[in-house]
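Undergrad: Below you will find the structure I want to go over with you.
Every number here is computed from the coordinates shown, using simple stated rules; none is lab data. What you see is a predicted model; the values in this text were computed from it and never measured. Cβ placement follows ideal geometry from the backbone for every residue including glycine, while neighbour counts extend to all protein chains displayed.
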Amino acid sequence: MNIHAIRAIYRFEMARTGRTLLQSIASPVISTSLYFVVFGAAIGSRMVEIDGISYGAFIVPGLVMLSLLTESISNASFGIYMPKYSGTIYELLSAPVSVGEVILGYVGAAASKSIILGTLILATARLFVDYQIEHPLWMLGFLVLTSVTFSLFGFIIGVWADGFEKLQIVPMMVVTPLTFLGGSFYSIDMLPPVWQTVTLFNPVVYLISGFRWSFYGVSDVPVGISAAMTALFMLACVAVIHRMFATGYKLRT
């Protein structure tokens, strides 16, 4: 394995984050803090408890997951799209670097940024609402697994996109709505039976449910299914990326 190549890609991507701290770190933290202020402190104080949990604390995992998904996709997609846009992707393709090493470099950096961001949001949430983490190891596991999985998904989007506007289509038009409809602000048990069944087809439900379970021990679906669904999606993304590089899809033109 070419450790030097992986480290070079990783350090380059992390250095880019250091140059754009306001956009990549501060902006998501401030935006999520506004949700905590409005829904957690203001509206949450007037809401009834859900599954024995105060409303402000109940929405913490969902809001963290919302930022985690969108930022993981954005970081990874932008990271691989810029070499395509500038033409330096050909240097990468001609270098003695395997697909796995490229993935480890770009996706590893994007996932690291998301994990840092998720940790900062959790620390910020403590200023507005009181929450607990019953299963910290599971929480960390879901945090890492989700960051890696959706960084892989973002990498696919970055390869597929042929314009800056396409980089924003999936996060804004698909992922964000699915996250809001995936139980970020409510339990799916509160929905009518028909809509509960429909909601189970939303993959984000399993992410939020498993992450919330690691906090409070309550979930809409079994935690094992949540972890399995996330891992399955991660493997599917790896297979798609490998196929893209094997065929040169939108990489050699």
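Undergrad: So what is the 222 nm mean residue ellipticity for the chain from helices alone, if each DSSP H run of at least 4 adds -39500 (n - 2.57) and you divide by all residues, rounding to the nearest 500 deg cm²/dmol?
TA: The helix-only estimate for the chain comes to -22000 deg cm²/dmol at 222 nm.
Undergrad: Please give the per residue volume of the convex hull enclosing the alpha carbon atoms of the range 1-121, rounded to a whole number of Å³.
TA: It comes to 110 Å³ per residue, whole-number rounded.
Undergrad: Only helices at least 30 Å long along their own axis, judged from Cα atoms, and with Kyte-Doolittle mean hydropathy of 0.0 or greater: name those in the chain from DSSP H.
TA: Helices meeting the span and hydropathy rule in the chain are 60-86, 99-125, 136-160, 223-247.
Undergrad: Can you give the three extents of the C-alpha atoms in the range 57-134 along their principal axes, from longest to shortest, in whole Å?
TA: 52, 23, 15
Undergrad: Computed FRET efficiency, Cβ-Cβ of THR124 and VAL48, R0 22 Å: what is it to the nearest 0.05?
TA: It comes out at approximately 0.30.
Undergrad: What ranking, highest mean first, results for peptides 126-132, 84-90 when packing means the other Cβ atoms within 10 Å averaged over each residue?
TA: Highest to lowest by the protection proxy: 126-132, 84-90.
Undergrad: Also, quick follow-up: Could you please tell me the mean projected area of the C-alpha convex hull for the range 76-226, averaged over all directions and given in square nanometres to one decimal?
TA: The number I arrive at for the range 76-226 is 10.7 nm².
Undergrad: What is the range 3-247's relative contact order, in percent, from Cα pairs under 8 angstrom and six or more apart in sequence?
TA: Dividing the mean separation by the residue count of the range 3-247 yields 26 percent.
Undergrad: Now for a separate question. Considering the chain, what Rg and Dmax in Å follow from its alpha-carbon atoms?
TA: 18.7, 60
Undergrad: Lys and Arg at +1, Asp and Glu at -1: add these up for the other residues within a Cβ distance under 11 Å of ALA76 and post the number.
TA: Its environment carries a net charge of -1.
Undergrad: Would you please give the FRET efficiency between THR197 and ILE225, computed as 1/(1 + (r/R0)^6) with r the Cβ-Cβ distance and R0 = 22 Å, to the nearest 0.05?
TA: Once rounded, the FRET efficiency stands at 0.90.
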